[in-house]
Amino acid sequence: MAVFLNALATLGWVLGAAFVVFSIGCGLYVISEWVEEYPRQTRKLIQFSVWTIDIVHVLAALDGVSLWRVVASMCVNHVYTLNLETFPLVQTTRLAFLGSCALAVGNHFMWFFYFIQNLEHPFGHVCALMFFCVWMVPLALFVSLTPMDVTLPRAHDSGDHKRTRQNMFKTLFAKFRQPDDSRTRQQSLHAE
């Protein structure tokens, strides 16, 4: 009997985790739609969140978290704001963008190794600091950045190629929403 309940519990955890991942994906998609509609307000919100997170960093330092790591993390958050100069458009080859990506990974590992070495911090505190101080601004920028793309010509286009804005997150989901032309052609040939 314990085998059946263990299998049922495992299935419940797997389905629950899948539901959570799907919900987060849907939420990020909705947020990216909102960001595309209101880029000016989004830019202000991200800038405001950086300043608010600076206050959270200071309060974390007063609670006994490593001071030099707090200062380094605050500097990293201000490097992210360099991407706001051309917001919501981004050139992925720009030094500010590449530096932000590298610093985001470095900031994560800096805090990860700090908390591994200092286990006296409760797990909830670690999760809160990691989310608000380390991941919040990079995730907001990732969901809201819009690269400049050159659209491919279609059969009904006049031939002039216009540069269009398309949200990075929506671009990733577009692969799942639109069927591949070659796969569609093969399916139609097999159907005949």
*asked:* Looking for something buried (at least 16 other Cβ atoms within 10 Å of the Cβ) and either touching a His at 6+ places or on another chain (Cβ under 9 Å) or among the aromatic types (Phe, Trp, Tyr) (or both) - is there at least one such residue anywhere in the stretch 116-126?
replied: no
*Given the residues 28, 8, which is the only one that is part of a helix (DSSP H, G or I), farther than 21 Å from residue 143 by Cβ and of a type in the set (A, V, I, L, M)?*
8
*What number goes with the only condition from (1) under 20 Å from residue 140 (Cα atoms); (2) touching a Ser or Thr at 6+ places or on another chain (Cβ under 8 Å); (3) not aliphatic (A, V, I, L, M) that residue 114 does not pass?*
(1)
*Scanning for something touching a helix residue (DSSP H, G or I) at 6+ places or on another chain (Cβ under 8 Å) and under 18 Å from residue 127 (Cα atoms), does the stretch 36-48 turn up at least one residue?*
no
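Condition check ((1) surrounded by fewer than 11 Cβ atoms within 10 Å (Cβ to Cβ); (2) of a type in the set (A, V, I, L, M, F, W, C); (3) closer than 30 Å to residue 114 by Cβ) across all residues:
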| site | (1), (2), (3) |
| --- | --- |
| 21 | yes, yes, yes |
| 33 | no, no, no |
| 40 | yes, no, no |
| 48 | yes, yes, yes |
| 57 | no, no, yes |
| 77 | no, no, yes |
_Tabulated pairs, the stretch 86-112, first within 26 Å of residue 44 (Cβ to Cβ) and of a type in the set (Gly, Ala, Ser), second at pLDDT 80 or above and open to solvent by 60 Å² or more (accessible area, probe 1.4 Å), C-beta under 7 angstrom, 6+ apart or interchain_ = 96/82
_Name the single residue that is modelled with the lowest pLDDT among those in the stretch 137-154 being buried (at least 16 other Cβ atoms within 10 Å of the Cβ) and polar (S, T, N, Q)._
146
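Yes/no per residue for (1) at pLDDT below 90; (2) farther than 17 Å from residue 50 by Cα; (3) outside any helix (DSSP H, G or I); (4) among the small types (Gly, Ala, Ser):
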{"residue": "82", "(1), (2), (3), (4)": "yes, no, no, no"}
{"residue": "85", "(1), (2), (3), (4)": "yes, no, no, no"}
{"residue": "102", "(1), (2), (3), (4)": "no, yes, no, yes"}
{"residue": "108", "(1), (2), (3), (4)": "no, no, no, no"}
{"residue": "111", "(1), (2), (3), (4)": "no, yes, no, no"}
{"residue": "125", "(1), (2), (3), (4)": "yes, yes, no, no"}
{"residue": "135", "(1), (2), (3), (4)": "no, no, no, no"}
*asked:* Take the residues in the stretch 62-75 that are more than 30 Å from residue 35 (Cα to Cα) and part of a helix (DSSP H, G or I); name whichever of them is least open to solvent (accessible area, probe 1.4 Å).
replied: 69
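The values are calculated or read from the model by the stated rules, or taken from the named source; none is laboratory data. Here the structure is a predicted model, which is why all the values come from computation and not from measurement. Neighbour counts are summed over all protein chains in view; Cβ atoms, including those assigned to glycine, are modelled from backbone coordinates with ideal geometry. For accessibility, only protein heavy atoms count, side chains too; no ligands or nucleic acids. Shrake-Rupley method; radii C 1.70, N 1.55, O 1.52, S 1.80 Å.
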